[in-house]
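Working notes for the structure below.
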Amino acid sequence: MVEEIFEYNQHFVSLFNILNMAKKRGHVKGDFQKHHIIPRSYYKLKGIEIDNSENNLVYLTYEEHLKVHKLMTLCVKINELRRKMIWAYNFLKTGKVLLPSNRSGKNNPMFGNKQAAEKIRQWALNMSDEHKKKISDKCKSRYRIVREDGSWYWGHK
């Protein structure tokens, strides 16, 4: 399955070095985040049940989690999956969900706070069409700029 998802390159080696170190460390107390080794989006793409077993889970620090998602964007073979990995990396990087006060529990709409999710939904519904178009145009003009060292950032046309 790993061969089907990931291209073997230096980013793949770095990715699995981090995951192996974290797996050996195990789940210790502290500020760690659960990460699926085989991405959940892969299972969804294939239409099969997501593997939530301990074999497919690893606990990472925020910094490790961010780096792992960046590396995944650089070694995923499947284009649709790469798009999802880029989205996940940017979501982690912007801190919209993973700020210290907003990482889990009742403060995080991704983890079941219906009131917070409803506020976000209402905010989006109340946006003017002009504002929605500006956001849409801005997103459409973004593209990935890759530096010579392999690192990248989002740029605008």
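The values are calculated or read from the model by the stated rules, or taken from the named source; none is laboratory data. As the structure is a prediction and not an experimental result, all values here were calculated from the model. As a convention, Cβ positions derive from the backbone with ideal geometry for all residues, glycine included, and neighbour counts pool all protein chains shown.
Laid out as a table, the results:
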read-out: Enumeration of residues in segment 110-157 that are among the basic types (Lys, Arg), at pLDDT below 65 and either more than 25 Å from ARG83 (Cα to Cα) or touching a Leu at 6+ places or on another chain (Cβ under 6 Å) (or both); value: LYS114
read-out: Neighbours by Cβ (under 6 Å, 6+ apart or cross-chain): first from segment 65-77, touching a residue at least 40 places away in the same chain (Cβ under 8 Å) and in a loop (DSSP other than H, G, I, E, B); second of a type outside the set (Phe, Trp, Tyr) and surrounded by fewer than 22 Cβ atoms within 10 Å (Cβ to Cβ); value: LYS77/GLU7
read-out: Boolean, LYS44 is modelled with pLDDT of 90 or more and among the charged types (D, E, K, R); value: no
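Conditions tested, residue by residue: (1) touching an Asp or Glu at 6+ places or on another chain (Cβ under 8 Å); (2) modelled with pLDDT of 90 or more; (3) not charged (D, E, K, R).
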residue: SER14; (1), (2), (3): no, yes, yes
residue: LEU19; (1), (2), (3): no, yes, yes
residue: ALA22; (1), (2), (3): yes, yes, yes
residue: GLY26; (1), (2), (3): no, no, yes
residue: LEU57; (1), (2), (3): no, yes, yes
residue: LYS70; (1), (2), (3): no, yes, no
residue: MET85; (1), (2), (3): no, no, yes
residue: PHE91; (1), (2), (3): no, no, yes
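Residue-wise test of (1) closer than 18 Å to ILE5 by Cβ; (2) more than 11 Å from the chain's Cα centre (by Cα); (3) buried (at least 17 other Cβ atoms within 10 Å of the Cβ).
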position	(1), (2), (3)
PHE32	no, yes, yes
SER41	yes, no, yes
LYS46	yes, yes, no
ASN52	yes, yes, no
ASN55	yes, yes, no
